[in-house]
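Some notes on the structure that comes next.
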Amino acid sequence: MTEPGETASFRLGYVPGATPGKWARIWAERRPDVPLELLGATTDAVVDQVRAGAVDAGVVRLPIDRTGLHAIPLYTETTVAVVPKEHVLTAIEEAGLDDLADEIVLRPQDDTLSWHGDRPGRAAAFNPTTTAEAIELVAAGAGLLLLPQSLARLHHRRDLAHRPVADAPQSSVVLTWPDADNTELMEEFIGIVRGRTANSSRTPRRQDGPPPGASAWAKRRPTGRRAARRR
């Protein structure tokens, strides 16, 4: 919460792979008086921060507990298989889960995909703790990894490649914030995320000129020199 005398800010939590940079640039153009703070964390951490008021909103991956929260969908990501660059899957443009039946598929403990049923392929001897650790194991030839495309790009390495997996679960990304009356800044950010222009009737605008009731008269009223000339 902003203390008296402090500069207001808007705090946005976001998960790895999310790219809020475009929204931050638009925000800086529209609200240069209010800094936008970007805070990266896991989905669980961001949701906890939203509930605690440590951030104003969060960009997170489903599923989440939506009790007491708003959530609007942003996009759904393609799931890809990350493999060594010389792997047989690199010979095709798109794979299916059946193509992974004989492969060792790593299952990191921070896996962001929701599997409803049996996972594809064969399980590894142990589950790596993080996606970053799993990427290292893929590079070492210990198996392959399924994850959202943005995370594959985030962990890009020259010795690895990735291919879309058509029938794998996908990762849905949402904007979430407390289920309460929206502040002006929250409405502003929602407008940016939804692509509203600065002149949209639903996007709050600061008054930089004369009051609306005086604007038309101010435009017609002659300046002091012109008024003197008419006397």
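The values are calculated or read from the model by the stated rules, or taken from the named source; none is laboratory data. The structure presented is a predicted model; accordingly, all values stated were derived computationally and were not measured. We place every Cβ from the backbone using ideal geometry, glycine too, and count neighbours over all the protein chains shown. Please note that ligands, DNA and RNA were not included when accessible areas were found on the heavy atoms of the full protein model with its side chains. Shrake-Rupley method; radii C 1.70, N 1.55, O 1.52, S 1.80 Å.
General observations
- Under 11 Å, Cβ to Cβ, from P148 - net charge with Lys/Arg +1 and Asp/Glu -1: 0
- Within region 77-121, backbone nitrogen closer than 13 Å to the virtual label 7 Å beyond the Cα of A142 toward Cβ: 105-109
- The packing ranking of peptides 70-79, 37-46, 118-127, highest mean first, is 37-46, 70-79, 118-127, where packing means the average number of other beta carbon atoms within 10 angstrom of each residue.
- Surface per residue (accessible, 1.4 Å probe) for region 15-157, Å²: 53
- Accessible surface of K22 - all protein chains present, 1.4 Å probe, nearest 10 Å²: 130
- Net length gained if the chain between E187 and L154 were fully extended (0.36 nm per residue, minus Cα distance): 8.9 nm
- Segment V88..R25, full-extension length gain: 18.6 nm, with 0.36 nm per residue of separation and the alpha-carbon distance subtracted.
- For I192, neighbours were defined as the other residues whose beta-carbon sits under 11 Å from its Cβ, and their charges (Lys and Arg +1, Asp and Glu -1) total +3.
- Multiplying the residue separation of N127 and N199 by 0.36 nm and removing their Cα-Cα distance gives an extension gain of 20.9 nm.
- Near F10, once Lys and Arg are set to +1 and Asp and Glu to -1 for all other residues with Cβ below 12 Å from its Cβ, the sum equals -3.
- A Förster radius of 25 Å combined with the Cβ-Cβ distance from T67 to L38 puts the calculated FRET efficiency at roughly 0.45.
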